[in-house]
Every structure is written in structure tokens, then in C-alpha cells.
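Chemist: Here you go, one structure.
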Amino acid sequence: MSKQQKSNILPIAVMFALFFMIAFVTNFAGSMGVIVKNQFNASNALSQLGTFANFIAYACMGIPAGIILKRKGYKFTSLAAVTVGFIGVGVQWLSGYAESFLVYIIGAFIAGFSMCMLNIVVNPMLNTLGGGGNRGNQLIQFGGSCNSIGGTIAPILLGYLIGGNIETASVSDAAPAMIIAMSIFLFAFIIILFTKIPEPHLETSEQRMKAQQQKDTHSPLSFRHFVLGALAIFFYVGVEVGIPNMANLYMSNNPAVGAAIAGTIVGLYWLMMMCGRLIGGAIGGKVSSKVMLASVSAAAVVMLTCVMLFPESWVIAFKGVELPVSMIVMFLCGLCTSVMWGAIFNLAAEGLGKYTPAASGIFMTLVCGGGIIPLLQGLVADKIGYLFSYVVTIVCLLYILWYALIGSKNVNKDIPVE
């Protein structure tokens, strides 16, 4: 290991912690829907407003965050992101004592700004800290594993904090988890502040002026397969979040299951995503993105159809409770959703050349689907029930399947990309 790589160990560890926090805070917002539904007597749709606020922030911050990163660099953007994250989680923490649904939503929205900024920072920063190449890619893969661990722990921890008494659950019950999150943000701020971070991609004033003088008649939106792929990302994030969120509501409000077991089962969904990513990484060099995306989206459609149609009387013993078999199928869906982001990104970015960085910003903006689709699913659940609301995610998956088979073809190869 070189002297430079040794000096980067601490900031690398901080980036891993921030990878963990992205999933922890995001999934925590989804799991909080159980508490919100009971404390504020909210409908299934309104219980998803925290997730909606968290993800809609991506629509507002996706492109601006990319500009900030380009003009101010990794260190400034990272410090700003963890500061905003600390404030967002802090506001959510205070909402429990203020007993205000509006304050909670505002906190979730602020936290969403932080998650968007962190998403834009951590991948390229780890690549830079690793020196690029295989080492940089390896660090990103390790970071992705930390992300999955955070996503797994959040619902399990919240379920444990709520316990079995869902009727009296309140936002203040989740205070210990929020304090842990704020502590990690504070620690990250201190470490980043006193750590020298390389800035090889910081835009100079001369480069900015040259870019303003050059006019390009094309953009990523000039490519049909990219536009359709961006829409696939919108649907995908909604599917990824909507599947466990609705399952958590369904199980937590089932007296035979309860919040603690529900959190564990939802945690298994995110654990399956981590396993799926490891498997996807192992076979990614042998299986095309098109085949992989088509296979997992078709499998997910079949699984969710089973979730909807399996009789609720079909149960299996799990930790002393009778768990619906449909929920076992639900967490196995994590194996399918795990590889969709990478496959969609690869297909949509294929052939974009110099337009790829701008495409990444647009992708990040459309992550807002993770808030809009679950909200829509909640509205459907209020009308026809928890399980049949999965028809929303099935429709999204059918679009993703179509994109893999047909929509991903690049029909704009005449556009110069060099």
C-alpha cells in the first residue's frame, strides 16, 4: 500500500460511514411510516409522506448538487451534505417531542437534500481516494456493501424500538436511532474538516468560462434510450422502496405479527439486496445488462403477483408468530431489485460519451420516484388493501421489463459524442 493510500484510510472509512448513512436515513424514513400512521392517525398514503419528502428533495437538488461538486469540490460538498443531514435528522427528532406531523415532514425533506448530495459525492470521492482503476472500483463496491448494511439495520432497529405495542408508538420512540445518526454526521464533519482530500476534478474559472462559450445543440435528452432509461430509474427506485414500505405497514398493523417482527422481515429484504449485489458483481462480466435486467424484472413480477394472490391463511412459524407466506416472497424480491440500478444505468448511459456526466445528474434527479411511487401505492392501499396495492409496483416492473427488451436500444448513433 502506498504512502498516499495509507494517508487516505481515515477519509475512506468516513466515506464508508456515509454510504451506510445514506441507506440508514433513507430506509429509516420509510420505516417511520408505521409510527406516523398510528401517532398522527394518518392514512396509508399520508404515512408515506416522510418517504415522499425525503425523495422529492432529489428532484430539487440533483442537478444543483452536481454543480456544487464541480465548482466547490468534494470537501466543501461533503461538509455541506453532513451538515444538512445533521439538521434534517435533528428536526425529525424534535418532531417527536413537538408531536407535529408537519415538523416531521420538514425534517424528512431536509434530510433528503443531504442524501442527494451524499449520493453525488461518495462514489467519485471513493474512486479518487482509491486512485481510480481497479482499486477505486473495489472501494465503491465495499461502500455499496456498507450501504446495504445500513438499509438492513434501519427497519430492524426501529421495529425493536417500537416493540410490540404499535398502538402507543410515537416518533420519540425512535429518538435513540436519530441520536446515533446525528452523532455519525457530527463525527464525519470533524474528520472531513481536518482531512486533506484530493480535488482532481475541481472546475477552474478558465474551464467554466470556456464551457460557457461553447454551445452544444445536443444533450443526454437527445438520446431516446437515455430518456426511457431515466424513466426506468424513476420507476425502479419507487419499486425498491415501495415493496418493503407497504410490507412494513401490512405486518406492523397485523396483531399476529407486530412491529418488531415486521422490522426484521423488512430488514431481510435489504439483506437480500446486499446478497444480490454480490451475486450480480460475480456474474456481471458474463451476463449482459439487458439479460440481467429482463430476468430480474420478470422474476419480480411473478413474485409480487404471488404476494397479491397467496391466501392470507397461508402462514409459516417465525419466532413464535404466524407469518404470512406472502411476506417470505416479499423479502426475496430484494434479490431482484438489487441489480436493477446498475443494469438500467449501463443500458441508458451506453453510447453517451461526453454526455455521461450530465446524464448522471438527471438520473439523480429522477430518484424522486422513490417518494412518488410509494405515495401512489399508499393511495391504492387505502382503496383496495395493502397486498393488492402491489399492482402499482407490478406496472412499474412491466415498464422496466419492456425497457430491457426494447426501449434500451440506442437509435441515435448519429449524434457525435466525442
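Chemist: Here is a list of conditions, (1) charged (D, E, K, R); (2) crowded, with 16+ Cβ neighbours inside 10 Å; (3) over 24 Å from the mean Cα position of the chain (by Cα), and Lys354 meets all of them except one; can you say which number that is?
Modeler: Among (1) charged (D, E, K, R); (2) crowded, with 16+ Cβ neighbours inside 10 Å; (3) over 24 Å from the mean Cα position of the chain (by Cα), Lys354 violates only (2).
Chemist: Of the residues that sit in region 186-213 and are over 18 Å from Ile68 (Cβ atoms) and open to solvent by less than 40 Å² (accessible area, probe 1.4 Å), which one is modelled with the lowest pLDDT? Spell out how you get there, then give the answer.
Modeler: From region 186-213, those over 18 Å from Ile68 (Cβ atoms) are 186-187, 190-191, 194-196, 206, 209-210, 213; that's our starting set.
Going one step further and asking which of them are open to solvent by less than 40 Å² (accessible area, probe 1.4 Å), we end up with 191, 195.
Numbers: Ile191: 84, Thr195: 78.
So, considering only residues that are over 18 Å from Ile68 (Cβ atoms) and open to solvent by less than 40 Å² (accessible area, probe 1.4 Å), the one modelled with the lowest pLDDT is Thr195.
Chemist: Just checking, how many residues over region 236-261 are in a helix (DSSP H, G or I) and at pLDDT below 85?
Modeler: In the first step, residues of region 236-261 are kept if they are in a helix (DSSP H, G or I); the result is 236-252, 259-261.
Still in the running and at pLDDT below 85: 252, 259-260.
Result for region 236-261: 3.
Chemist: Also, I was wondering about something else. Given the conditions (1) under 18 Å from the mean Cα position of the chain (by Cα); (2) surrounded by fewer than 17 Cβ atoms within 10 Å (Cβ to Cβ); (3) not β-branched (Val, Ile, Thr), which single one is not true for Gly284?
Modeler: (1)
Chemist: Also, I was wondering about something else. Quick one: count up the residues across region 108-130 that are open to solvent by 10 Å² or more (accessible area, probe 1.4 Å) and not in a helix (DSSP H, G or I).
Modeler: 0
Chemist: Please go through region 214-266 and pick out each residue that is in contact with a Cys (Cβ under 7 Å, 6 or more places away or on another chain) and open to solvent by less than 10 Å² (accessible area, probe 1.4 Å).
Modeler: Gly238, Val239, Ile243
Chemist: Moving on to the next point. From the list Ile362, Ile406, Ile415, Ile384, which residue is touching a Ser or Thr at 6+ places or on another chain (Cβ under 7 Å) and open to solvent by 10 Å² or more (accessible area, probe 1.4 Å)?
Modeler: Details: Ile362 fails: touching a Ser or Thr at 6+ places or on another chain (Cβ under 7 Å); Ile406 fails: touching a Ser or Thr at 6+ places or on another chain (Cβ under 7 Å); Ile384 fails: touching a Ser or Thr at 6+ places or on another chain (Cβ under 7 Å).
Going through Ile362, Ile406, Ile415, Ile384 in turn, just one is touching a Ser or Thr at 6+ places or on another chain (Cβ under 7 Å) and open to solvent by 10 Å² or more (accessible area, probe 1.4 Å): Ile415.
The values are calculated or read from the model by the stated rules, or taken from the named source; none is laboratory data. Computed from a prediction, not measured in an experiment: that's the story for all the values here. No Cβ is skipped: glycine too gets one built from the backbone with ideal geometry, and neighbour counts run over all protein chains shown. Accessible surface is based on the protein model in full, side chains and every heavy atom, while ligands, DNA and RNA are left aside. Shrake-Rupley method; radii C 1.70, N 1.55, O 1.52, S 1.80 Å.
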